[in-house]
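Peer 1: A single structure is presented below for examination.
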Amino acid sequence: MSVFGNPSGSAASTHSLQRACPCGAASTYGACCHRLHRGGASAESPEELMRSRYAAYAVGDWDYVFRTWHPATRPHDLGEAGHDTGLRWTGLTVEGSGLDDETHGWVRFRAAYQAPDGAGELSEHSRFEVRAGRWLYVDGTIDGEIVDQV
């Protein structure tokens, strides 16, 4: 199964701005990650970028996912990985984040999902880097395989 996905039939343009933000912040999508998705602001930390990327996966904003991926490590396009309509992201837990220096940082998180074959969780340690004044996702280490929950 792909670690990418979106809720069936959902897209960033149709996600209600008044609903809770998928990233788990205590605000609406319109007041939180939507401003980053639409280019009205840039993430100020690795954690803010990771949360906004998670929200982009949840609402199906593949352009944002692509734009915030470091050019040295991102795929040429998201292809099938960006269109797994059977996967719905259902929750995010940030376990830690920090800076290695002014231009390198990390975030450790768990992301819950619902797939056709059941619920599961992705656990990742992601690395980020500043390039041209913007934080970008470099890569991540997934803890083993995606493990289905019982």
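Peer 1: Looking for something modelled with pLDDT under 95 and within 15 Å of residue 54 (Cβ to Cβ) - is there at least one such residue anywhere in segment 132-144?
Peer 2: yes
Peer 1: List the number of the failed condition for residue 92; all other conditions in (1) among the aliphatic types (A, V, I, L, M); (2) within 20 Å of residue 23 (Cβ to Cβ); (3) not in a strand (DSSP E or B) hold.
Peer 2: (3)
Peer 1: Return the only residue of 53, 88 being under 19 Å from residue 113 (Cβ atoms), at pLDDT 95 or above, surrounded by 15 or more Cβ atoms within 10 Å (Cβ to Cβ) and among the basic types (Lys, Arg).
Peer 2: On inspection, the qualifying residue turns out to be 53.
Peer 1: Does segment 101-111 contain any residue that is aromatic (Phe, Trp, Tyr), modelled with pLDDT under 95 and surrounded by 14 or more Cβ atoms within 10 Å (Cβ to Cβ)?
Peer 2: No, segment 101-111 contains no residue that is aromatic (Phe, Trp, Tyr), modelled with pLDDT under 95 and surrounded by 14 or more Cβ atoms within 10 Å (Cβ to Cβ).
Peer 1: Being at pLDDT below 95 and either of a type outside the set (Asp, Glu) or surrounded by fewer than 22 Cβ atoms within 10 Å (Cβ to Cβ) (or both) is the requirement here; does residue 16 meet it?
Peer 2: yes
Peer 1: To continue, here is another question. Please go through segment 95-144 and pick out each residue that is touching a helix residue (DSSP H, G or I) at 6+ places or on another chain (Cβ under 7 Å) and either farther than 20 Å from residue 64 by Cα or part of a loop (DSSP other than H, G, I, E, B) (or both).
Peer 2: 97
Peer 1: Looking for something among the aromatic types (Phe, Trp, Tyr), part of a helix (DSSP H, G or I) and touching a Gly at 6+ places or on another chain (Cβ under 6 Å) - is there at least one such residue anywhere in segment 42-57? Walk me through it before giving the result.
Peer 2: The first filter runs over segment 42-57 and keeps only residues among the aromatic types (Phe, Trp, Tyr), leaving 54, 57.
Checking the rest, the ones that are also part of a helix (DSSP H, G or I) come to 54, 57.
Narrowing further to those that are touching a Gly at 6+ places or on another chain (Cβ under 6 Å): none.
Taking every residue of segment 42-57 in turn, none turns out to be among the aromatic types (Phe, Trp, Tyr), part of a helix (DSSP H, G or I) and touching a Gly at 6+ places or on another chain (Cβ under 6 Å).
Peer 1: Against the condition at pLDDT 90 or above and either under 15 Å from residue 24 (Cα atoms) or surrounded by fewer than 15 Cβ atoms within 10 Å (Cβ to Cβ) (or both), how does residue 118 come out, does it pass?
Peer 2: yes
The values are calculated or read from the model by the stated rules, or taken from the named source; none is laboratory data. The structure displayed is predicted, hence computed values, not measured ones. We place every Cβ from the backbone using ideal geometry, glycine too, and count neighbours over all the protein chains shown.
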